[in-house]
Structures are given as C-alpha cells and as structure tokens.
Protein chains: 2
Amino acid sequence: MAVNFQNIRIVLVQTSHPGNIGSAARAMKNMCLENLYLVAPKYFPDPSGKSKAMAAGADDILAKAQIFETLDDALAGCAYVVGASARLRSIPWPVIDPRECVLQLTDIAQTDQVALVFGREDRGLTNEELERCNALVHIPGNSDYMSLNISAAVQVLAYEIHMLSYLQGDKPDRLVEFYDHPRATADEVEGLYDHFESALTTMGFHDPDNPRQLMRRIRRLFNRVGLDKMELNILRGILTAAEKGKGIKSNKA
Amino acid sequence: MAVNFQNIRIVLVQTSHPGNIGSAARAMKNMCLENLYLVAPKYFPDPSGKSKAMAAGADDILAKAQIFETLDDALAGCAYVVGASARLRSIPWPVIDPRECVLQLTDIAQTDQVALVFGREDRGLTNEELERCNALVHIPGNSDYMSLNISAAVQVLAYEIHMLSYLQGDKPDRLVEFYDHPRATADEVEGLYDHFESALTTMGFHDPDNPRQLMRRIRRLFNRVGLDKMELNILRGILTAAEKGKGIKSNKA
C-alpha cells in the first residue's frame, strides 16, 4: 500500500526564524511532502528572503504554505495528530519513536488527514499544544546533547515517511543495475578455477600434492564476489599472461 | 550488540562552506557520533566563526576534527568505506539504501574502523573517490527534486545509526512511564460497565430491552484505551453525578 503523502501535513508552530521555514520546506520536498501549515509564524512571508534562500528550490512548498492564527485552526480536519517533542516531558502523554510514529501516521493517512506538529525553536510546544496531540514522537539521540533544529527534525521524520514508502513498494529491485555485463555462470566459474589451478601450478605457486587451503580460499573469494563475464574474462586473460610469463622465464633459465 | 560509535568516521571531502561543517558536527553530536574527518576543507578552521555558529554547542566535535590532504589519508585504517551519493551514477558500483548501509557499517564497526564519506556541496564525490568505496549509499527521496544538503544527509545517516543502536538494545521498555496511576483491573472495569449500564438506563439513554450496540461500543472504546484507576474513578464520578442529575430532574418533573 503506497503512502498517501497528500494527506500528511507538516505544522510549524510560531517559528521565529524564516530561514527555518525555508529549510523545513526543503527537507519536506526532498521526501515528497508538500503540505506546510504555519501557525502564527513570527516573520512570514518574510521580505528578508531568508525563507526562500534556505528553501533552495522548494519555493513551491513555501508559496502554497497556509498560515493560521491558532494550532486548532491548523489541525482542523485531522484524524490523527503527532507532536514532535525534543524533551521527554513530565506530562505523561503517549510517546512513540519515529518508526512507530510513521507506521501509525501513514496507516491513518490512507483515508484521513494527519498532522506532524513541530514547536518553537527555543521552547518547543506548550503543554496546551501537546494536549492536542494523539501521541508525541521523540527522536532518539544523545541524551547528553540533544539539539536538533526544526529542519533536522522535519528531515528525520520526513525521511522515515519516505523510507517506509520506499520499503513498502516503491523500492526498485536494485537501486542501480549493477552488473553491466551478464553474470558468469557456474560452469564458466568452474572453468576459471581449473585455469587458476593449472596456471598457479605452472607458476610454481601451487603444489597439487600439497594444496593446503589455496584453492578453497580462491573459490571463497570469487564465489563471494559474484563475477560477471567480463571480470571472468579479465581474470582468465591475466592467468594466461601469467602462464606465458612463467614460460618465458623458464626458457631463459 | 551495542553500536560502536567510536569506530565510525564521518568524512567530509572539500567542503566549501564552513557553516556546513558546523551543522554536520551538530547532526553528528545529536546522534552520538564524534569522529569528524575533513579532507582539504576550503575554509577550516574558519576565522569567520560560521562553523562554530552552526555547530550550536557541538564545538568539541569541531575542536577535535582531523584535517587531511587527501581522501586516502582520511581513510587509512578503515576496513569498510561507504560513499554518500546523491545521484545514481552511470558508473556501476554497489548501491545500498541507508538502512542496509547502517547494518553493514555497524556490523564491521564492532571490530574495525569504518567511514561514511560525503562529497562537495556542488559536485559530490568524483568517480575516483567513489572507487575508494566498498559501496555507495543512496537516500531515497523525491526523484524530481533531490537537494539534500550535506548536514541533512549526515543527519539522516547518523539518525539511522543511532536508531539501530536504540532498537538493538538501548531502547527503554517505554519512552515515558505513561501511566502515572496503576492500570484499572478487569473486575474494576466490569464494575464500570455495570455502572454505565445502570446509569444510562436511569437517564433514559439506554433501553435494556432494546440494547442495540450501545454497551458493546462503550466496551470497545474503553477496552481499547486502557484505563488507569484514576480515569476509572473519574468516569464513575461522572456517571454518579449524571444519575443524580436525572433524579433531580425527575423530582422536578
């Protein structure tokens, strides 16, 4: 089931620095989130242009950002609301980690609007605002130093949402078609090992009467790596050249 | 098995903006990573103080950052190297996603030094640099707009490392001791449902001869939520008050 990105709102409450609004928009757009809801931002739209500068091309997200006076207005129509909480509060409210948060959020977003709420740079969300949330999400980290700025927190949660989408179905079988030549087949690889054994014997590197672990180690290496036909041909070429070199040396000796 | 954060290096290649070095340090420290290796940074240490400003308290990471002339120098001693690659390259190299990357990286970091390498702001890593890597990691995202800055990429991968540590063993049973009162027991909850039924009957809201789904729906709601003793007492208090209210009205009628 694909993630319904359209049903997910990112809500920023009373953001002081327009640059943070811009970098949050950038983080969102990188991960396919588009709905930015701003509650009483201190400076936005900002004549300074800082939000646009930090958005780095995510201007469309800023342009269609919606501005509200209160958090309740921004949450209207949402069936599930999660607040991002940097500190673990004294107020006992259900706290979940980002992965669990995203499972719940995207499940409900299949059919309903949901919101992820981020608080002020300096003071986060008030208790009154936290009480609007069905759950709080806490990003695990360094307990001695936790200083995620808003855009970093948006980035982590937006990434988790996109990663779920990727793992659930948008994941290509392979990120890159790695093999640009067909894989070598088992019989071709056996031919290579025969060639190794004879060449190494010719070169005096291998003694079939006292083989120790040599051929096993060579098999282990090349079986693990998964050769393609081009690589196999290169190795056979090297072995052939090595055999000849030995021949020349032998002739000279 | 705990993640060995000490064995993980974050390597930034030819970073142009010292602010990005600072925000990468901040992202690292938030997630318990400490080893910052800089390859030929354009301005660092920077008299401008931008790196320190963006580090927001992660000054210790900057102070002990090591500077190298070449990538090879920075990778000396590493048993496993992963390059962060924003673009999917034409050069066929094994590409993994962040979750798989972190599994491999932390596994090898149990015993050996490993490195995560991030390229220049504008041009990433060169093909020569990519060829130093055992694998490339690609952060999935919006294929029409992928514009993660360095610190956002460091943040995502550092978060994945910390999240693995958290899920593998540092995860507390509960992030917050949610219940500040003991949970209500089954018999207490049954007592509540009896009270609901009698009170709603008294109030004329419930007809025991034609119950429909009312009591089942009430059970479903309060069983799902998991009441504590305090909440149960509040509900019983409300029911008692409601019964009395009905009585007063009846007296008046």
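Tell me which residues, restricted to region B:119-166, are under 27 Å from A:Glu34 (Cα atoms) and among the basic types (Lys, Arg). Matches in region B:119-166: B:Arg123 only. For region B:54-70, residues that are under 19 Å from B:Ser151 (Cα atoms) and open to solvent by less than 70 Å² (accessible area, probe 1.4 Å) total 8. Scanning region B:45-77 for residues that are on the phi > 0 side of the Ramachandran plot and either aliphatic (A, V, I, L, M) or away from every other protein chain (no Cβ under 14 Å) (or both) yields a count of 3. Selection of region A:192-223 for residues being in a helix (DSSP H, G or I) and among the charged types (D, E, K, R) yields A:Asp194, A:Glu197, A:Arg216, A:Arg217, A:Arg219, A:Arg220. Is it the case that A:Glu100 is outside the structural domain of A:Lys229 (by TED's automatic domain parsing) and open to solvent by less than 20 Å² (accessible area, probe 1.4 Å)? The answer is no for A:Glu100. Suppose the filter is closer than 30 Å to B:Trp93 by Cβ and surrounded by fewer than 18 Cβ atoms within 10 Å (Cβ to Cβ); does A:Gly169 pass it? Criteria met by A:Gly169. Condition first: farther than 23 Å from B:Glu160 by Cβ and surrounded by fewer than 20 Cβ atoms within 10 Å (Cβ to Cβ). Can you find one or more residues in region B:27-39 that meet it? Within region B:27-39, none of the residues are farther than 23 Å from B:Glu160 by Cβ and surrounded by fewer than 20 Cβ atoms within 10 Å (Cβ to Cβ).
Taking the conditions exactly as written (touching a residue at least 40 places away in the same chain (Cβ under 8 Å), of a type in the set (D, E, K, R), within 11 Å of another protein chain (Cβ to nearest Cβ) and surrounded by 14 or more Cβ atoms within 10 Å (Cβ to Cβ)), does A:Asp180 satisfy them or not? Here the answer is no, as A:Asp180 does not meet what is asked.
Report whether or not A:Ser51 is under 21 Å from A:Ser23 (Cβ atoms), more than 23 Å from the chain's Cα centre (by Cα) and surrounded by 22 or more Cβ atoms within 10 Å (Cβ to Cβ). Yes, satisfied. When residues in region B:104-143 are screened for being of a type in the set (A, V, I, L, M) and either loosely packed, with under 15 Cβ neighbours inside 10 Å or within 11 Å of chain A (Cβ to nearest Cβ) (or both), 4 of them pass.
Scanning region A:209-253 for residues that are loosely packed, with under 11 Cβ neighbours inside 10 Å, at pLDDT 85 or above and not polar (S, T, N, Q) yields A:Asp209, A:Arg216, A:Arg217, A:Leu221, A:Gly237.
Of all residues assigned to region B:43-54, none qualifies as being out of contact with any Asp or Glu (no Cβ under 6 Å at 6 or more places or on another chain), in the same structural domain as B:Phe118 (by TED's automatic domain parsing) and part of a strand (DSSP E or B). Restricting attention to region A:1-40, the residues being away from chain B (no Cβ under 13 Å) and assigned to a helix (DSSP H, G or I) number 4. The residue of region B:81-97 that is surrounded by the most Cβ atoms within 10 Å (Cβ to Cβ), among those that are closer than 24 Å to B:Ile108 by Cα and over 25 Å from the mean Cα position of the chain (by Cα), is B:Trp93.
The values are calculated or read from the model by the stated rules, or taken from the named source; none is laboratory data. No experiment lies behind these values; they were computed from the predicted model shown. Using ideal geometry, Cβ is built from the backbone for each residue, glycine included, and neighbour counts are taken over all protein chains shown. Ligands, DNA and RNA are stripped out before the accessible areas are found, and what is left, the full protein with its side chains, is counted by its heavy atoms. Shrake-Rupley method; radii C 1.70, N 1.55, O 1.52, S 1.80 Å.
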